[in-house]
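Have a look at the structure below before the remarks.
The values are calculated or read from the model by the stated rules, or taken from the named source; none is laboratory data. On a predicted model such as this, the values are computed, not experimentally measured, just so you know. All Cβ positions, even for glycine, are placed from backbone atoms using ideal geometry, and neighbour counts span all protein chains on display.
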């Protein structure tokens, strides 16, 4: 492996790797991942996409990130090049420190992901007009969070950064329509998220250690919600669902997987509802495949989503999901065929469907099989990468 320091940035490029030794074009993925010990959906998206591009793209991927040292280790394990900007106190100082990078690496395209990364990309191009400013840019819009005034201002700034992009990628049809109505003069497309398709799942994975580690009962039906504990995820709805289902059944247990600013409030709510002994807050679980193998049904109670990776991943592991019908969920779940869609915040409907599925193993097993089929047919990383590659080429053709 080869590492060098360029203006305090650690630059890693795998040596003895033909993808990088012979490359004439690099695509730089810009991502500001969750802090150490966590991974967000867009963080995992970049990991999967860059690994797939290393195998199949004409562009050699390199990832720019900061504030999460484990992210660099994951990229190294995959043999993907990166620029580690964790030295920088803020994105302004990081943008300034990147000035000479394009003279030392053949970066032909910038692909930026999510709010904070788009802010960084905008500043980098603004401060370095004669280098970064001349490189074609694509931005993937992984959905917008607009819970309050600060969120709405963040979204406005995100839309402002789009002026530096040649092309925009939405992850669901609803978001694509919003971009088409709000943004002019850009190439816009919809490319849904893709996930790795596991070859071993469910009975092929030993779940005992994970259950023991987190003190999860082994003799219960497990419902899980997975993601950061933030307001738009509406984990409070999950807890109210749990409370109502416990009035009907005693054979169930509930997992809240992830961390975030809402944790204290959610723990308090669990106590207020009197269900704290039936709910396990696991924090971030790195062995996500083991988690999917252990649970019976995934719950998604969000107020807003794009194409949520957690639903794609659980379906790829041949598990059914009950989800709020928001964002791009109806493009993933065919209601009652490979999962269940319910009206947003309707935890009573969630209870009815959960109780029904646990009592009807034939329907639940059919949903699980159909869920995996849908992911294989429509949502693999290879399908996603092929579509993104075509969009890259269109960007270059439009520029010439």
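Go through the residues of region 132-140 one by one and say whether even a single one is in contact with a strand residue (DSSP E or B) (Cβ under 7 Å, 6 or more places away or on another chain) and over 30 Å from residue 22 (Cα atoms).
no
Scanning region 170-188 for residues that are under 21 Å from residue 374 (Cβ atoms) and in contact with a helix residue (DSSP H, G or I) (Cβ under 7 Å, 6 or more places away or on another chain), which turns out surrounded by the fewest Cβ atoms within 10 Å (Cβ to Cβ)?
Restricting to residues being under 21 Å from residue 374 (Cβ atoms) and in contact with a helix residue (DSSP H, G or I) (Cβ under 7 Å, 6 or more places away or on another chain), the top hit is 173.
Quick check on my filter: what residues within region 201-228 are under 19 Å from residue 287 (Cβ atoms) and touching a strand residue (DSSP E or B) at 6+ places or on another chain (Cβ under 8 Å)?
If the condition is that a residue be under 19 Å from residue 287 (Cβ atoms) and touching a strand residue (DSSP E or B) at 6+ places or on another chain (Cβ under 8 Å), then 214, 215, 216, 217, 222, 223, 224, 225, 226, 227, 228 are the ones that fit.
Could you list, in sequence order, the residues of region 113-145 that are closer than 20 Å to residue 228 by Cβ, in contact with a helix residue (DSSP H, G or I) (Cβ under 7 Å, 6 or more places away or on another chain) and assigned to a strand (DSSP E or B)?
Matches in region 113-145: 113, 141.
I need a count of the residues in region 250-279 that are at pLDDT below 95 and within 17 Å of residue 353 (Cβ to Cβ).
Matching residues across region 250-279 total 0.
Can you name the residue in region 48-64 that is closer than 18 Å to residue 171 by Cβ and in contact with a strand residue (DSSP E or B) (Cβ under 8 Å, 6 or more places away or on another chain) and is also surrounded by the fewest Cβ atoms within 10 Å (Cβ to Cβ) among such residues?
Going through the qualifying residues, I end up with 48.
Take the residues in region 250-264 that are in contact (Cβ under 8 Å) with a residue 24 or more places away in the chain and out of contact with any helix residue (DSSP H, G or I) (no Cβ under 7 Å at 6 or more places or on another chain); name whichever of them is nearest to residue 208 (Cα to Cα).
Filtering first and then ranking leaves 255.
Limited to region 321-340, what total is found for residues that are more than 19 Å from the chain's Cα centre (by Cα) and farther than 25 Å from residue 169 by Cα?
Number of matching residues: 6.
Quick check on residue 385: is it at pLDDT 95 or above, within 22 Å of the chain's Cα centre (by Cα) and exposed (fewer than 13 other Cβ atoms within 10 Å of the Cβ)?
no
In the list 211, 245, which residue meets the criterion of being assigned to a helix (DSSP H, G or I), closer than 16 Å to residue 273 by Cβ and touching a helix residue (DSSP H, G or I) at 6+ places or on another chain (Cβ under 7 Å)?
Answer to the check: 245.
In region 177-199, which residues are without any contact (Cβ under 8 Å) to a residue 24 or more places away in the chain and within 20 Å of residue 311 (Cα to Cα)?
190, 199
Restricted to region 253-277, and to residues that are within 14 Å of residue 237 (Cβ to Cβ) and more than 23 Å from the chain's Cα centre (by Cα), which residue is surrounded by the most Cβ atoms within 10 Å (Cβ to Cβ)?
270
Which residues, counting only those in region 214-230, are outside any loop (DSSP other than H, G, I, E, B) and either surrounded by fewer than 18 Cβ atoms within 10 Å (Cβ to Cβ) or assigned by TED's automatic domain parsing to the domain that holds residue 168 (or both)?
Answer for region 214-230, where residues must be outside any loop (DSSP other than H, G, I, E, B) and either surrounded by fewer than 18 Cβ atoms within 10 Å (Cβ to Cβ) or assigned by TED's automatic domain parsing to the domain that holds residue 168 (or both): just 221.
In region 289-302, is there at least one residue being closer than 21 Å to residue 145 by Cα, under 21 Å from the mean Cα position of the chain (by Cα), in contact (Cβ under 8 Å) with a residue 60 or more places away in the chain and assigned to a loop (DSSP other than H, G, I, E, B)?
yes
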